Amino acid sequence: MTKDENSKFQNPILKKLDGLLGGLLAEASFEEDFTGKAGQSLVHRLPGLGSKRVGLFGLGQSASSPAAFHGLGEAVAAAAKTAQASGVAVILASSECPSAMSKGNTAAAIVSGTVLGLYEDNRYKSESKKPQLKSLDILGLGTGPEIEKKIKYAEVVSCAIIFGRELVNSPANVLTPAALAAEASKIASLYSDVLSANILTEEQCRELKMGSYLGVAAASANPPHFIHLCYKPPSGPVKTKLALVGKGLTFDSGGYNIKTGPGCSIETMKADMGGSAAVFGAAKALGQIKPSGVEVHFIVASCENMISGKGMRPGDIVTASNGKTIEVNNTDAEGRLTLADALVYACNQGVEKIVDLATLTGACVVALGPSIAGVFTPNDDLAKELFQASEASGEKFWRMPLEESYWESMKSGVADMVNTGGRQGGAINAALFLKQFVDEKVKWMHIDMAGPVLNDKKQVATGFCISTLVEWVLKNSS
C-alpha cells in the first residue's frame with residue numbers, strides 16, 4: 001500500500017490497476033484509511049468499466065499461512081454474496097510472489113475459503129437466497145496439473161467440511177442415533193471400493209459388555225447405534241493402522257444432572273456429536289482421496305443422554321468393556337462414558353494410533369476460548385504429527401498437560417473411579433479418565449473441541465478438525 005510523493009502506488013500490480021481506474025483506488029484507500037491490515041476490505045462500484053466492482057482485501061504484512069489465504073477466500077465470498085456477483089477474479093498484489101511449490105497451496109486455500117464462505121445451511125428455512133457466484137478466477141499463480149491437483153483436493157475437503165457442518169447443524173429430532181448411522185452407511189456405500197460399514201445394535205453392544213456406553217443410552221426412546229466404518233486402500237500393503245474415535249451424543253440433556261440455568265447451553269446440545277461429524281467428514285474425504293499404505297477405523301458410539309425411569313442415576317456403578325468400574329457421580333459427564341467403550345473397541349482393532357475427538361468439557365472452553373481446541377497426549381511424536389497437520393489446515397490447537405497427580409480426585413471409594421473430579425482442571429481430569437481405556441501399547445491423543453465446534457457469533461457449525469484429520473491420515477500414509 002506504499003505510495004510515492006505523488007500519492008501513486010509503488011506496487012506494480014496496484015499501480016497498473018489504479019492507472020486504468022484514473023487513480024480511484026489510491027484516493028479511496030486514503031479516504032477510507034485502508035492500509036492492508038488483515039481483515040480490512042474496500043469494495044467500489046465501477047459503472048461502465050467491464051467489471052462492476054473492484055475490491056481491496058487486506059492480508060497483513062506477511063501473509064504466508066494457509067489460514068491467511070483461506071481468510072481471503074472467505075472475504076471474497078462475503079463481498080460476492082453482497083454484490084450478488086456471478087464471477088470474481090482474484091490477484092495477489094504481493095511484493096513477494098509465492099514460490100512455485102506454495103502457489104498450489106495458496107490457490108487451494110483461496111478456493112477452500114471461497115467455497116466455505118459461500119456456503120449457508122438453508123435446509124430448515126422456508127425462504128433463502130442462493131449465492132449467484134458461478135466462477136472464481138485466480139490470476140498470477142500459474143496453471144498445470146500440480147495446481148489442479150491441489151485445487152481438486154481443496155474441493156474434496158471443503159465438501160467434507162460442509163457435510164460435517166450439516167450433521168452438526170441438524171436438530172436432534174432429525175439427526176437421531178439411527179439417522180447418524182444411516183449417514184455413515186451412505187458414505188460407505190458411496191465409496192464401497194475402500195470403505196465398509198458395521199453398525200452394532202444395542203444387543204451386540206451388550207454382548208461386548210459395553211456397560212459404560214449403554215448406561216448413558218438407557219433413558220432414551222431412540223436406541224443407540226455403535227458405528228464402525230473401516231477404510232482399506234484399493235491396492236498395496238497396509239503399513240499403518242489408525243483409528244479416529246468421535247463422541248456421538250446426538251442430544252445431551254445432562255440426564256438427572258440436567259442442564260439448567262444461564263450458560264448451561266442445553267439449546268446447543270445438538271452439537272454434542274461434533275466429534276463424530278469430524279470423524280465422518282474425514283471418512284468422506286478419504287473415501288475420495290484413497291491414500292495408500294494406511295488402514296483407518298472410524299468409530300462412534302452414538303446415543304442420546306435423556307431422562308426416564310430407565311435412566312442412569314447419580315451414584316450408579318457401570319462396568320466398561322475392559323472390566324473397569326465407574327461410579328457415576330454426574331450424569332452430565334456422559335461423553336467420556338461413551339468414549340470409554342469406543343476406545344476399548346478401537347484398541348481391539350489392532351491399531352497403532354488413536355485420535356479421539358469430543359465436545360467434552362466446558363472447562364476447556366474456559367481455558368482456551370471459543371476457537372482453540374485442547375490436545376492431550378502422553379506421546380510427543382503424536383503431538384508433533386497433529387501440529388504439522390494443523391499447519392496445513394490452519395486450524396488452532398493447544399497442547400495441554402496430562403497431570404497424573406490429578407487422578408487422585410478421580411478415585412472412588414466403591415468403584416475403580418468416578419466419572420468427574422473437582423471443578424479445577426476439569427478438562428485434564430476428563431482426559432485422564434479416557435486414558436484408563438487405552439492400551440498402553442497404542443499411541444493415543446484426545447482432542448477437546450468443545451469451543452471451536454460452533455461459530456461463537458452465529459452459533460452454526462464450523463466443521464472443525466475435518467481438514468486436520470485428513471492431513472494427519474495422509475501424513476501417515478505411504
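Results, tabulated for the structure shown:
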item	result
Test for A461: is it surrounded by 24 or more Cβ atoms within 10 Å (Cβ to Cβ) and modelled with pLDDT of 95 or more	no
Any hit, region 216-232, residues being of a type in the set (A, V, I, L, M), more than 25 Å from E295 (Cβ to Cβ) and either in contact with a helix residue (DSSP H, G or I) (Cβ under 6 Å, 6 or more places away or on another chain) or part of a strand (DSSP E or B) (or both)	yes
Selection status of K103, modelled with pLDDT under 95, in contact with a Cys (Cβ under 9 Å, 6 or more places away or on another chain) and open to solvent by 30 Å² or more (accessible area, probe 1.4 Å)	yes
Those residues of region 419-449 which are within 21 Å of V328 (Cα to Cα) and either open to solvent by 10 Å² or more (accessible area, probe 1.4 Å) or at pLDDT below 95 (or both), in sequence order	T420, G421, G422, R423, Q424, G425, G426, I428, K435, Q436, V438
All positions within region 234-271 that are assigned to a loop (DSSP other than H, G, I, E, B), touching a strand residue (DSSP E or B) at 6+ places or on another chain (Cβ under 8 Å) and either surrounded by fewer than 22 Cβ atoms within 10 Å (Cβ to Cβ) or among the polar types (S, T, N, Q) (or both)	V238, K239, S253, G254, K259
Residue match in region 365-384 (condition: in contact with a Ser or Thr (Cβ under 8 Å, 6 or more places away or on another chain), under 28 Å from T268 (Cβ atoms) and in the same structural domain as G275 (by the TED database))	no
Lone unmet requirement of (1) part of a loop (DSSP other than H, G, I, E, B); (2) open to solvent by less than 40 Å² (accessible area, probe 1.4 Å); (3) within 20 Å of L139 (Cα to Cα) for S64	(2)
Some residue of region 194-203 being assigned by the TED database to the domain that holds A392, charged (D, E, K, R) and in contact (Cβ under 8 Å) with a residue 12 or more places away in the chain	yes
Within region 333-368, considering residues that are among the small types (G, A, S) and touching a Gly at 6+ places or on another chain (Cβ under 6 Å), the one nearest to H297 (Cα to Cα)	A358
Positions within region 33-51 being more than 36 Å from the chain's Cα centre (by Cα) and either among the charged types (D, E, K, R) or outside the structural domain of A77 (by the TED database) (or both), in sequence order	R45
Selection count where residues are in a loop (DSSP other than H, G, I, E, B), among the hydroxyl-bearing types (S, T, Y) and under 30 Å from E74 (Cα atoms), scope region 154-190	1
Leading residue by the ranking (nearest to D272 (Cα to Cα)) among those in region 156-169 that are touching a strand residue (DSSP E or B) at 6+ places or on another chain (Cβ under 9 Å) and open to solvent by less than 30 Å² (accessible area, probe 1.4 Å)	V168
Among residues of region 174-200, those that are in contact with a Phe, Trp or Tyr (Cβ under 8 Å, 6 or more places away or on another chain), closer than 23 Å to S321 by Cβ and either open to solvent by 10 Å² or more (accessible area, probe 1.4 Å) or among the acidic types (D, E) (or both), counted	2
Every residue from region 273-306 that is open to solvent by 10 Å² or more (accessible area, probe 1.4 Å) and in a helix (DSSP H, G or I)	K284, Q288, I289
Region 128-153: number of residues that are over 16 Å from S112 (Cβ atoms) and assigned to a helix (DSSP H, G or I)	2
Set S126, S135, S86, S102: member being under 25 Å from M1 (Cβ atoms) and of a type in the set (S, T, Y)	S102
Residue that is open to solvent by 60 Å² or more (accessible area, probe 1.4 Å) and touching a Lys or Arg at 6+ places or on another chain (Cβ under 9 Å), where the choices are P378, P452, P401	P378
Residue list for region 464-478, restricted to those being open to solvent by 10 Å² or more (accessible area, probe 1.4 Å), more than 19 Å from E166 (Cβ to Cβ) and not in a loop (DSSP other than H, G, I, E, B)	E471, L474, K475, N476
E395 closer than 22 Å to G117 by Cα, within 22 Å of the chain's Cα centre (by Cα), open to solvent by 60 Å² or more (accessible area, probe 1.4 Å) and touching a residue at least 40 places away in the same chain (Cβ under 8 Å)	no
Residue in region 353-372 that is acidic (D, E) and farther than 18 Å from M449 by Cα present	no
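The values are calculated or read from the model by the stated rules, or taken from the named source; none is laboratory data. Small disclaimer: the values here were computed from a predicted structure and weren't measured. Positions of Cβ are backbone-derived with ideal geometry, glycine not excepted, and every protein chain shown enters the neighbour counts. For accessibility, only protein heavy atoms count, side chains too; no ligands or nucleic acids. Shrake-Rupley method; radii C 1.70, N 1.55, O 1.52, S 1.80 Å.
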